[in-house]
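Colleague: This structure is in structure tokens; I'll ask about it shortly.
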Amino acid sequence: MADPKQTLSEDANTRVHDFVELYYHTLDTAKASAARFYTPNSLIVWNGQGFQGFDQFLAGILATLSATKHEIETYDAQPIAAWNAPLQPGTLPNIIVQVSGTVQFLPNTDLQTFNHTFILTPNPQTPGSYYISNETFRLV
């Protein structure tokens, strides 16, 4: 019999694989379209500067950046249990995601290392999907 905690962790990694591929592809090809990953209440910190909602983030940072090319080196995902309830198979938990990689700000050829952490929250408007509720991005 499979360990329920192991199953939840494997499910989180499967969901996150698709998310990571789609998210960074969207950032690299159509930045403004990344709004679909957020809500107006999403909290975003980019290199220490905070924003609430994607529109603020787009106007404050993303619109000022040149085109990008992200290369993901590794990512990890872990379901987050609520403080008062254990994780249950068949329910969608929040998921914390840690991504490491490099980004190139075109046409510059230099690669910069980044660390990116997300908390993905089940989207009550679209069952079975997630949105970014919190995120921190840091160039290192």
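Colleague: Just the residues that are part of a helix (DSSP H, G or I) and either over 20 Å from Thr126 (Cβ atoms) or modelled with pLDDT of 95 or more (or both), please, taken from the range 1-19. Break it down stepwise before answering.
Modeller: Start the filter on the range 1-19 by keeping residues that are part of a helix (DSSP H, G or I), which leaves 4-19.
Within the range 1-19, Pro4, Lys5, Gln6, Thr7, Leu8, Ser9, Glu10, Asn13 qualify.
Colleague: Just name the residue that is modelled with the highest pLDDT out of those in the range 63-88 that are over 15 Å from the mean Cα position of the chain (by Cα) and aliphatic (A, V, I, L, M). Talk me through it step by step, then tell me what you get.
Modeller: From the range 63-88, those over 15 Å from the mean Cα position of the chain (by Cα) are 63-69, 81-88; that's our starting set.
Keeping just the survivors that are aliphatic (A, V, I, L, M) gives 63, 65, 67, 81-82, 85, 87.
On the way: Ala63: 88, Leu65: 91, Ala67: 95, Ala81: 74, Ala82: 68, Ala85: 66, Leu87: 64.
So the residue we want is Ala67.
Colleague: Quick check, is Ile95 closer than 20 Å to His17 by Cα, among the aliphatic types (A, V, I, L, M), modelled with pLDDT under 95 and surrounded by 15 or more Cβ atoms within 10 Å (Cβ to Cβ)? Break it down stepwise before answering.
Modeller: Values: closer than 20 Å to His17 by Cα: yes; among the aliphatic types (A, V, I, L, M): yes; modelled with pLDDT under 95: yes; surrounded by 15 or more Cβ atoms within 10 Å (Cβ to Cβ): yes.
So Ile95 fits the description; yes.
Colleague: From the residues in the range 118-130 that are surrounded by 15 or more Cβ atoms within 10 Å (Cβ to Cβ) and either β-branched (Val, Ile, Thr) or under 9 Å from the mean Cα position of the chain (by Cα) (or both), which one is nearest to Thr14 (Cα to Cα)?
Modeller: Per the criteria, the residue is Leu120.
Colleague: Between a first residue in the range 50-63 that is on the phi > 0 side of the Ramachandran plot and a second residue that is surrounded by 14 or more Cβ atoms within 10 Å (Cβ to Cβ), which pairs have beta carbons less than 7 Å apart while being 6 or more apart in sequence or on different chains?
Modeller: These pairs meet every condition: Gly53/Tyr38; Gly53/Ser42.
Colleague: Scan (1) modelled with pLDDT under 95; (2) buried (at least 16 other Cβ atoms within 10 Å of the Cβ) for the single condition Asn108 breaks and write down its number.
Modeller: Here Asn108 clears every test but (2).
Colleague: Shifting gears a bit: Collect the residues in the range 26-60 that are surrounded by 16 or more Cβ atoms within 10 Å (Cβ to Cβ) and among the aliphatic types (A, V, I, L, M), keeping them in residue-number order.
Modeller: Leu27, Ala34, Ala35, Leu43, Ile44, Leu58
Colleague: Also, quick follow-up: Before we move on, is Ser133 farther than 16 Å from Arg15 by Cβ, of a type in the set (Ser, Thr, Tyr) and at pLDDT 95 or above?
Modeller: Working: farther than 16 Å from Arg15 by Cβ: no; of a type in the set (Ser, Thr, Tyr): yes; at pLDDT 95 or above: yes.
Judged against the criteria, Ser133 is not a match.
The values are calculated or read from the model by the stated rules, or taken from the named source; none is laboratory data. Note that the structure is predicted; figures quoted are calculated from it, not measured. All Cβ positions, even for glycine, are placed from backbone atoms using ideal geometry, and neighbour counts span all protein chains on display.
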